[in-house]
Every structure is written in structure tokens, then in C-alpha cells.
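Trainee: Structure in C-alpha cells, see below.
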Amino acid sequence: MQGIIAKVNGVSLWHLVQGQGTPIVFLHGGPGAYDYLEPLSALLDDNCFQMIRYEQRGSWRSEKTGPYNIETFIEDLEQLRIHLGLKNWVVCGHSWGASLALAYAIKYPRNVKALIYISGTGIDAAWHLDYRENRLNSMTPSDRAEYMYLRSAIATMEGEKRAHTQHRLRELSLRTDLFNQNNFHKLPRMDGQFVNNEVNQKLGAECDVYFGSEEFKQAVAFNKFPSLFVHGEVDPRPYRYVAELATNLQNCKFVLIPHAGHYPWLDNAAILKKYINEFLSRISRQ
């Protein structure tokens, strides 16, 4: 299906709506990536759900105009809901999109029927160090040696050689996001027009302070919306921080998907589909 461009909160946002039933919006990761969540939405029955996918401000087919900060991205999402004429919806985010979904749900809880938080990082900034260690440990010995060498040498490189090295470092890193390495060709593109590095840097720099604030932590504890937190067992982003966050939500279930990494629909789609559809079926009956 072809998406459409509409003016939302002052910028042109690409979005796509399909199916009918309970509205559910999918929030891609990055920050600064693009809508790669069609395989995730395909796990749902479009006769039961109205599925909305969109590309965030600054991403591929959406307008590349700032400001690039969390509050603006939250408001973009809220204005998209209003633009579509929806009373409330399920918000489902992956990776950075999971963080954005949580931030939106905390600010606009009355507009959230439920939250699905897939492959997030929690709200404790300590996850960064554990992630880097897990990522290295997930590499084969030869890949790890190459990665460490290239990281140490890239500062001395220029032009095409530097670009080639950046591409190789990205590839080595992305491979650790999978349980099944044969699925590497199915990963989202994270190069060229498919990623906005400015968005990534500006939002990434803000996340630890925003989500780690006492104000945000207290708001999390007072929420009431139903939540499903899903994490791949071998995702190098440590699941213990996500499980800890889940315990602070009042109505939340945490699920660890076996034999799955950061993109559980690529590694173990059947189990992911089971948990998401069971959760949404329960929510739809409420």
C-alpha cells in the first residue's frame, strides 16, 4: 500500500493506515530511522485492527525540519491521532520507538488504550555500558578483533576509506542484533537516505536525562494503562533494565522471547505473534 503525506504539527509526515477495528500505531526505532515495521504489523489481523504506521519527523519520507527533541516527537504523535480523528489507540514501539511510546503514554494516558514496548532499553542509563559489553561478547572472535581494530583506526581515516570503515563497523554491530544470522539481509537499512544522523544524535543526547529524571520515574509509577513489554532473550541490550521498568508499571506483563534478538519478528515470529495477539485480544474485550 502507498502511504500519504499530511501536515501534522507543522511538518509533513508520511503515514499509512490499513485495516479496521481497534487502532494501533507503530513507532519505528532509530532515532532517525524509518518505517520498517510492516513485518511486525503483518502479525496482526487487519480485520480486527486499524494499523497506522508513520515516519517520524526528520525520517526518510517525512519532512526534515526540527526541532528534534522528545517533547516535539510526542506532540507529533498526539497531533497525528487528532488528525486521524481517533479517540484513543494502542501505541506499539520498537527500540527507540518503545521509548517514544512510553513517553507519549505517560504524557497522554487518557489517549492510550494500551502500550506495547518491544526491544526497548528501560530508563536506567547504565544499560549503555552493558550493551557495549554484550555486543562485543556476541561477536565471533574474528569479528570482535576486526571491530576493535577498526574502531581504533577510524579516526585516522578520511574520505571513501572512512565511509567504507563506518559501513563495516555498522554491519558488525548489526549482526549482533540477531539470533539467526541468516536473517541479516532482512534487517532495516541503516545507511544513506534511510537514516538521519542529526535526529539520531540530538534525540540520543537527550534520552538519558529525559527518561532518568525523577519526574518521569514518578509519572511511570502512577500510570494505569495496560502494558506488554517484550524483549528478545539474546538482544545485546540487556533485558534486566526493561524487566525492572516493567515492575514499576501498575498493569504490565513482561515477556522474554527465546531464540530472539533485537528484531524478534525475524527470529521468532510465532512466539511474538502469540503474545501480542493474546494481549490485544484481552484489551479489545475491555
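The values are calculated or read from the model by the stated rules, or taken from the named source; none is laboratory data. For clarity, every value in this text was computed on a predicted model and none was experimentally measured. All Cβ positions, even for glycine, are placed from backbone atoms using ideal geometry, and neighbour counts span all protein chains on display. Surface accessibility is based on the protein's heavy atoms, side chains included, excluding ligands, DNA and RNA. Shrake-Rupley method; radii C 1.70, N 1.55, O 1.52, S 1.80 Å.
Trainee: Which ones in the stretch 248-280 are touching a strand residue (DSSP E or B) at 6+ places or on another chain (Cβ under 9 Å), without any contact (Cβ under 8 Å) to a residue 60 or more places away in the chain, under 24 Å from Asn183 (Cβ atoms) and not hydrophobic (A, V, I, L, M, F, W, C)?
Mentor: Pro258, Tyr275
Trainee: Out of the stretch 56-70, which residues are farther than 17 Å from Val25 by Cα, free of Cβ contacts under 8 Å to residues at least 60 places away in the same chain and polar (S, T, N, Q)?
Mentor: Thr65
Trainee: Of the residues in the stretch 149-190, how many are surrounded by 12 or more Cβ atoms within 10 Å (Cβ to Cβ), part of a helix (DSSP H, G or I) and aromatic (Phe, Trp, Tyr)?
Mentor: Residues meeting the conditions: 1.
Trainee: Any chance the stretch 137-146 includes a residue that's buried (at least 17 other Cβ atoms within 10 Å of the Cβ) and modelled with pLDDT of 95 or more?
Mentor: Start the filter on the stretch 137-146 by keeping residues that are buried (at least 17 other Cβ atoms within 10 Å of the Cβ), which leaves 138-139.
Checking which are modelled with pLDDT of 95 or more leaves us with 138-139.
Yes, that holds for at least one residue.
Trainee: When you check Leu245 against the structure, is it in contact (Cβ under 8 Å) with a residue 24 or more places away in the chain and open to solvent by less than 10 Å² (accessible area, probe 1.4 Å), yes or no?
Mentor: yes
Trainee: Just to verify a result, which residue in the stretch 79-94, among those that are surrounded by fewer than 18 Cβ atoms within 10 Å (Cβ to Cβ) and without any contact (Cβ under 8 Å) to a residue 60 or more places away in the chain, is nearest to Cys252 (Cα to Cα)? Talk me through it step by step, then tell me what you get.
Mentor: Initial filter on the stretch 79-94 (surrounded by fewer than 18 Cβ atoms within 10 Å (Cβ to Cβ)): 79, 82-88.
After this cut, where a residue has to be without any contact (Cβ under 8 Å) to a residue 60 or more places away in the chain as well, the list is 82, 85, 87.
Numbers: Ile82: 26, Gly85: 27, Lys87: 22 Å.
Here the answer is Lys87.
Trainee: While we're looking at this one, here's another question. Could you grab me the full set of residues in the stretch 57-78 that are surrounded by 15 or more Cβ atoms within 10 Å (Cβ to Cβ) and of a type in the set (Asp, Glu)?
Mentor: Listed by number, the residues that qualify are Glu63, Glu75, Asp76, Glu78.
Trainee: Now, a different point. Any chance you could count how many residues in the stretch 23-64 are on the phi > 0 side of the Ramachandran plot and under 15 Å from the mean Cα position of the chain (by Cα)?
Mentor: Residues flagged as on the phi > 0 side of the Ramachandran plot and under 15 Å from the mean Cα position of the chain (by Cα) within the stretch 23-64 amount to 2.
Trainee: Another question, then. For the stretch 235-248, name all the residues that are touching a helix residue (DSSP H, G or I) at 6+ places or on another chain (Cβ under 7 Å) and outside any helix (DSSP H, G or I).
Mentor: Our first condition is that a residue be touching a helix residue (DSSP H, G or I) at 6+ places or on another chain (Cβ under 7 Å); within the stretch 235-248, this holds for 236-238, 241, 248.
Listed by number, the residues that qualify are Pro236, Arg237, Pro238, Asn248.
Trainee: Ok, one more. Go through the stretch 275-286 and give me each residue that's closer than 12 Å to Leu40 by Cα and surrounded by fewer than 20 Cβ atoms within 10 Å (Cβ to Cβ). Even if it seems obvious, please write down each step before you answer.
Mentor: Step one: of the stretch 275-286, the residues closer than 12 Å to Leu40 by Cα are 276-277.
Matches in the stretch 275-286: Asn277 only.
Trainee: While we're on this one: Need the failing condition index for Ile283 against (1) at pLDDT 95 or above; (2) in contact with a strand residue (DSSP E or B) (Cβ under 8 Å, 6 or more places away or on another chain); (3) β-branched (Val, Ile, Thr), just the number.
Mentor: (1)
Trainee: For the stretch 1-44, enumerate the residues that are open to solvent by 60 Å² or more (accessible area, probe 1.4 Å), under 22 Å from Lys273 (Cα atoms), touching a residue at least 12 places away in the same chain (Cβ under 8 Å) and touching a helix residue (DSSP H, G or I) at 6+ places or on another chain (Cβ under 9 Å).
Mentor: Result: Pro39, single match.
Trainee: Asn200 passes all but one of (1) without any contact (Cβ under 8 Å) to a residue 40 or more places away in the chain; (2) in a helix (DSSP H, G or I); (3) under 26 Å from Tyr34 (Cα atoms); which number fails?
Mentor: Condition (1) is where Asn200 drops out.
Trainee: For Ala205, indicate whether it is open to solvent by less than 60 Å² (accessible area, probe 1.4 Å) and out of contact with any Cys (no Cβ under 6 Å at 6 or more places or on another chain).
Mentor: Details: open to solvent by less than 60 Å² (accessible area, probe 1.4 Å): no; out of contact with any Cys (no Cβ under 6 Å at 6 or more places or on another chain): yes.
So Ala205 does not fit the description; no.
Trainee: Ok, one more. Being farther than 30 Å from Arg285 by Cα, open to solvent by 80 Å² or more (accessible area, probe 1.4 Å) and not β-branched (Val, Ile, Thr) narrows it down to one of Gln250, Gln193, Gln218, so name that one.
Mentor: Gln193
Trainee: Is it the case that some residue within the stretch 214-236 is among the hydroxyl-bearing types (Ser, Thr, Tyr) and free of Cβ contacts under 8 Å to residues at least 40 places away in the same chain?
Mentor: No; the residues of the stretch 214-236 include none that is among the hydroxyl-bearing types (Ser, Thr, Tyr) and free of Cβ contacts under 8 Å to residues at least 40 places away in the same chain.
Trainee: With respect to the numbered conditions (1) closer than 23 Å to Pro31 by Cα; (2) open to solvent by 10 Å² or more (accessible area, probe 1.4 Å), which one is the sole condition not fulfilled by Pro236?
Mentor: With (1) closer than 23 Å to Pro31 by Cα; (2) open to solvent by 10 Å² or more (accessible area, probe 1.4 Å) applied to Pro236, the lone miss is (2).
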